[in-house]
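These notes are about the structure you will find just below.
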Amino acid sequence: MTTRKLFQEDVYKKECTCTIIDVLGTGTPEDPFLLVLDETVFFPEGGGQPCDLGTIENIPLIDVFEKEGVVYHCLQSFQIGVTTDTILHTKDWKTGDKVHCRLDWERRFEHMQRHCGEHILSGIFFRECGGVNRGFHMGSDYMTIDIDVQGITREDAQRIELLANEAIWADLPVSVRYFEDRQEAEKLPLRKALVIDEDISIVCVGDESNPADCVACCGTHPGTSGQVGLLKILKLENYKGMTRVYFKAGREAFEDYRNKHDILTELNLKYSSDDNDLTDKIRTQDEKNKEARQELYLMKNILKNKAVADILNAYEASMAVTESEGISVTEPMLLIREYSYFHADDLIAITKTLTEVNKKDTRLFVLISTRDNTVILASSSGSLDCGKIVKDNAKVWRGKGGGSAGSARALFPSRDDLECFVTFIKQAYC
Ligand SMILES: [Zn+2]
């Protein structure tokens, strides 16, 4: 005995009291209860539309599916309470009992809006460019249809999007007609050839003489196209010789508009602009940023060159041990300098110049970035292995890093750790 599908008779029916015909399963997650009812308001999954959810006797449904005309309502035993007070409720479902079913209407209506939006968009693509929808995906964030025409342009899509919205605003009737066999059904202006021979339901949006869509479908649809509300194409993509169209319809399109409006409002506040001059103001700001970055680059290079010159001058003067403000030179082996404005990468560039200038220089350069809590070690002569020094010792003060014999870096979690490591270097290589 097949299940009477109340949603086919009245798609707006939100609850019903019906009789249990059969009970399968034990209610565990592995073997949930499957209730068969004499009639149901719950649409099982089909035609790309997800199944309805809701409650039976206030117990939430986890799935609804159909096999050979029988609709199965999937439920688990459920738990309420927390920790030690958790109580397991095992509903005693019995054949012949009357049960009250309540549909999650918000979910269903959203599915109807999205699904009907897909009908209208597919129907108008077919009418305007002969493209047939070969694949439909209803995701949680957006929907896609694959139109079997290659290279649909943005302009074409925008024109079709407007026509689809005009069909929505025209509030066209959405009719569903049922046919016993295909002969009568095939007299309608179908978008796609029929693939079934009996129990055929044909959905038509608008007048059958010039429909916004006309196709076989088993899903649920609103009574008029106006209830779709809004449809928006998001993007187009080439897909296996077809065009994949990403779009939203109904409540999700409205929510998307609201989110995007919020983003736009925030950007307008940030750039002191309105919707009309926002892009100009962003472009101007980008140009200013680019100029500032170039200036920064030049200034940094001047500072780096100055740092190299200072160190080389210090080398000249270092035959005698010298100490001057901000410089600690302990020649000939060790040169330590500390910078608050250079990043570790800047210091690497400085040591690269230094070690290239004088290959015979036997000193160990120790350059410190207090900004990054990083120490850079560099040596040009190869008499010391910088990578090994870091590898063997940085970890003592929670440092991480490494490098080659000529250059290595050690990053520390705190300034104190860094200081300890530098003190160690001073003592070991002075
Ligand atoms: Zn449909």
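Just so it is clear, none of the values below were taken in a lab; they were calculated from the coordinates. Here the structure is a predicted model, which means the values were calculated and not measured. Heads up, the Cβs are rebuilt from the backbone with ideal geometry, glycines too, and the neighbour counts pull from every protein chain shown.
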Looking at HIS100, LEU37, ILE21, which one has the Cα that reaches farthest to the positive end of the dipole of region 4-103 (charges on Cβ: Lys, Arg +1; Asp, Glu -1)? HIS100
Under 12 Å, Cβ to Cβ, from LEU6 - net charge with Lys/Arg +1 and Asp/Glu -1: -2
Please build a GNM for the chain, connecting alpha carbons under 10 Å apart, and tell me which residue among THR55, THR17, THR362 fluctuates the most. THR362
Value of Rg/Rh across the chain [Cα atoms, Kirkwood radius]: 1.27
Take each complete run of DSSP H in the chain, measure how far its Cα atoms stretch along the helix's own axis, and keep only those covering 15 Å or more with mean Kyte-Doolittle hydropathy at least 0.5; list them. 344-357
Quick note on TRP93, TRP169, ordering by fewest other C-beta atoms within 10 Å, gives TRP169, TRP93
Pick out which of ALA317, ALA292, ALA170 has the largest mean-square fluctuation in a Gaussian network model of the chain, springs linking Cα atoms closer than 10 Å. ALA317
Going fewest to most other Cβ atoms within 10 Å around each Cβ, TYR72, TYR239 line up as TYR239, TYR72
Could you work out which residue, out of LEU34, LEU188, LEU334, moves most in a Gaussian network model of the chain, that is, has the largest mean-square fluctuation with Cα springs under 10 Å? LEU334
Would you kindly state how much longer the chain becomes between VAL176 and LYS304 on full extension, computed as 0.36 nm times their sequence separation minus their alpha carbon distance, in nm to one decimal? 38.4 nm
From the Cα centre of region 284-301 to that of region 223-264, the distance in Å is 39
Taking region 311-429 and dividing mean pair separation by its residue count, relative contact order in percent (alpha carbons under 8 Å, at least six apart): 19
Label-to-label distance, nm, for residues given as ILE62 and SER201 (7 Å Cα→Cβ offset): 2.7
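What FRET efficiency, computed as 1/(1 + (r/R0)^6) with R0 = 25 Å and r the Cβ-Cβ distance, is obtained for SER340 and ARG283, rounded to the nearest 0.05?
Once rounded, the FRET efficiency stands at 0.10.
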Potential extension, ASP274-LYS400 segment - 0.36 nm per residue separation minus Cα distance: 40.5 nm
Applied in sequence order to region 26-34, the curve 6.51 cos²θ - 1.76 cosθ + 1.60 (Karplus, θ = phi - 60°) yields integer Hz couplings, x standing for Gly and Pro, of 10, x, 7, x, 6, 9, x, 5, 10
Net lengthening on full extension, SER209/HIS100 (0.36 nm per residue, minus Cα-Cα): 35.0 nm
Here P(r) for region 378-430, Cα-Cα distances in 5 Å bins, as whole percents, is 5, 23, 29, 27, 12, 3, 0
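Hey, which of these cross-link pairs are over 18 Å Cα-Cα: LYS232/LYS260; LYS300/LYS352; LYS67/LYS187?
Numbers: LYS232/LYS260 13 Å; LYS300/LYS352 16 Å; LYS67/LYS187 29 Å.
Exceeds cut-off: LYS67/LYS187.
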